[in-house]
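What follows is a single structure, written as structure tokens, with notes after it.
Every number in this text was worked out from the coordinates using simple rules, so none of it is lab data. Since the model is a prediction, treat every value here as computed from it, not as a measurement. With ideal geometry, Cβ positions are generated from the backbone for all residues, glycine too; neighbour counts draw on all protein chains shown.
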Amino acid sequence: MLLAHGATDEHPEGQSIEAHLKGTGELAETFAAEFGAAANGKLCGLAHDIGKYSDEFQLRLRGGKKVDHATAGAIECFKIKAAFEAVCVIGHHSGLPNVGHKDADTTESQTFFGRKLRAEQGGIPDYRKNWNGHIALPQDYFRPSGRGFATAFYIRMLYSCLVDADYIDTETFMNGDAGRGNYEPLSALCDKLTAYISKWNNPTREIDILRQKILNSCIEKASAPRGIFSLTVPTGGGKTVASMAFALNHAVANSMKRIIYVIPYTSIIEQNAKVFRDILGQENVVEHHSSVSYELSENADELEYRSALATENWDAPVIVTTAVQFFESLYANRSSKCRKLHNIANSVIIFDEAQTLPQDYLLPCLSAIAQLVEHYHVTSVLCTATQPTLAPLFERLAPGLTQREICPDVAGMYSALRRTEIRDLGCISTDELCSR
């Protein structure tokens with residue numbers, strides 16, 4: 001039996017290449033199905049470790065030198081004109097490569113075409129004699145119609161499916177059930193939120209009546225189809241809970257997978273995460289940013305261990321993260337950073353304090369959001385008290401996407417919730433100022 005992974009205490013016989021390829025293919029197929037590319041994910045999974053059929057790799061498992069086992073699968077994908085899948089496969093360990101140019105690159109180039117040329121000239125171990133088409137690669141894969149940025153974005157999302165599937169299948173073989181998944185469904189979390197806000201029914205104070213109106217509007221409009229929304233709530237209007245109420249109800253109504261809450265500052269991310277944990281349960285909310293760390297050691301308790309695993313691929317029902325973590329991941333090329341991306345598909349993403357999206361990187365940020373909404377079944381909510389004018393940019397990036405406001409009577413809410421008044425008092429003394 002030719003092996004993908006060597007023996008463990010639990011599996012002294014090791015894991016066969018066939019078992020690993022099929023296991024990875026099934027997982028990648030499930031992940032990519034979220035954006036209509038199930039066959040493409042399966043193809044990537046079945047092809048990614050074909051190079052392990054070489055004698056040299058089998059020797060590597062017994063202490064031999066390292067060998068390139070990724071290029072072989074890319075070559076086989078390229079043969080059936082699955083170029084995007086080939087790029088994913090060739091970089092499933094080293095990261096997504098620069099594609100390069102087929103007529104300009106040489107065998108010394110570290111681009112996709114450079115590695116392909118090197119393989120064609122005998123620069124990788126012979127895998128064909130042992131593989132010999134042992135596992136048939138599906139050829140009914142989906143071909144995306146977009147070009148340029150849309151294609152690059154698609155490759156990165158497909159790459160995410162492959163690398164996460166590869167990690168999980170290997171992890172399962174090595175460690176058994178590592179404790180991933182088994183979270184409460186979003187419908188149960190929605191019920192928890194409904195029970196939490198029930199104490200606010202029948203308000204009597206004017207400000208509470210206004211907050212209830214905003215909250216009710218979020219719940220009522222949550223049944224709308226996916227898309228781009230804005231939630232323009234003046235300070236004091238209760239937008240933290242109201243936005244989560246929209247997100248959970250909207251996700252349940254549209255059979256979506258999770259809520260991703262993107263916040264610009266770590267100073268408020270911890271506060272909001274605590275609110276969500278108090279409402280939805282500690283185990284259902286995972287923070288992922290530079291100010292929090294979880295242990296994967298044997299000394300970690302179950303909750304910390306599960307949270308650490310969830311930061312790797314964002315499979316928890318509620319993720320609270322920073323804008324830096326979110327957007328840097330979407331534009332990354334390393335497997336560890338990209339692994340989580342496929343779990344953004346079919347999610348509700350709330351961008352809190354949306355006016356803080358960096359101006360220098362505004363178009364890349366909005367381009368990513370538009371791609372997610374247009375092609376990956378995402379709903380985006382721009383949530384802030386000072387809503388930026390982004391609708392014209394979204395229209396330019398994704399014609400046909402219409403931004404919808406959730407808050408009822410925004411102007412009226414601003415007037416009703418105004419707590420300060422600015423007046424020109426002219427030049428007055430310090431004592432006079434203090435007396436006011």
- Query: In Å and whole numbers, how far do the C-alpha atoms of segment 40-195 stretch along each principal axis, longest first?
  - Reply: 66, 43, 27
- Using the Kirkwood radius built from alpha carbon pairs, what does the Stokes-Einstein equation give as D for segment 291-436 at 37 °C and 0.692 mPa s, in µm² per second? 174
- Message: Amide H of residue 98 versus every other amide H placed in the peptide plane: which residues, excluding those fewer than 5 positions away on the same chain, fall under 5 Å?
- Response: 112
- Note on the structure: Among 223, 148, 212, the residue whose Cα sits farthest towards the positive end of the charge dipole of segment 146-236 (+1 at Cβ of Lys and Arg, -1 at Cβ of Asp and Glu, taken about the Cα centre) is 212
- How large is the charge dipole for segment 288-341, taken about the Cα centre, if only the Cβ atoms of Lys, Arg (+1) and Asp, Glu (-1) carry charge, to the nearest 20 debye? 400
- For the residue pair residue 253 and residue 106, what label-to-label distance in nm results when each label sits 7 Å from Cα along the Cα-to-beta-carbon direction? 6.1
- May I ask which of 221/274; 79/102; 81/116 have a Cα-Cα span longer than 18 Å here? 221/274
- Would you mind working out the magnitude of the charge dipole of segment 221-309 relative to its Cα centre, with +1 at each Lys and Arg C-beta and -1 at each Asp and Glu C-beta, to the nearest 20 Debye? 740
- Is the shape of segment 1-82 rounded, prolate or oblate, going by the alpha carbon gyration tensor and its root eigenvalues a ≥ b ≥ c, with a/c under 1.5 for rounded and a/b larger than b/c for prolate? oblate
- Task: Answer with one residue from 84, 175, 97: the one whose Cα lies farthest towards the positive end of the charge dipole of the chain, charges on Cβ with Lys, Arg +1 and Asp, Glu -1.
- Result: 84
- Query: Which FRET efficiency, nearest 0.05, do residue 275 and residue 171 yield, Cβ-Cβ r, R0 45 Å?
  - Reply: 0.90
- Task: Only Lys, Arg, Asp and Glu count, each charged at its Cβ (+1, +1, -1, -1), so figure out the dipole size of the chain about its Cα centre, rounded to 20 debye.
- Result: 1060
- Say R0 is 51 Å: what FRET efficiency, to the nearest 0.05, do residue 393 and residue 424 get from their beta-carbon distance? 0.90
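Given 0.36 nm per residue, what is the gain on full extension from residue 11 to residue 192 after removing their alpha carbon distance, in nm?
Taking residue 11 through residue 192 to full extension adds about 61.0 nm, to one decimal.
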- Out of 202, 341, 393, whose Cα points farthest toward the positive end of the dipole of the chain (charges: +1 Lys, Arg; -1 Asp, Glu; placed on Cβ)? 393
- Query: Taking θ as phi - 60°, what are the ³J(HN,Hα) couplings along segment 343-359 by the Karplus curve (6.51, -1.76, 1.60), each to the nearest whole Hz, with x for Gly and Pro?
  - Reply: 7, 7, 4, 6, 10, 9, 10, 9, 9, 6, 6, 4, 5, 8, 3, x, 4
- Message: If you take semi-axes √(5λ) of the Cα gyration tensor in Å from the coordinates, which of [x] 48, 24, 19; [y] 42, 31, 22; [z] 42, 27, 19 do you get?
- Response: [x]
- Message: Give the separation of the Cα centroids, segment 55-129 to segment 354-425, in Å.
- Response: 44
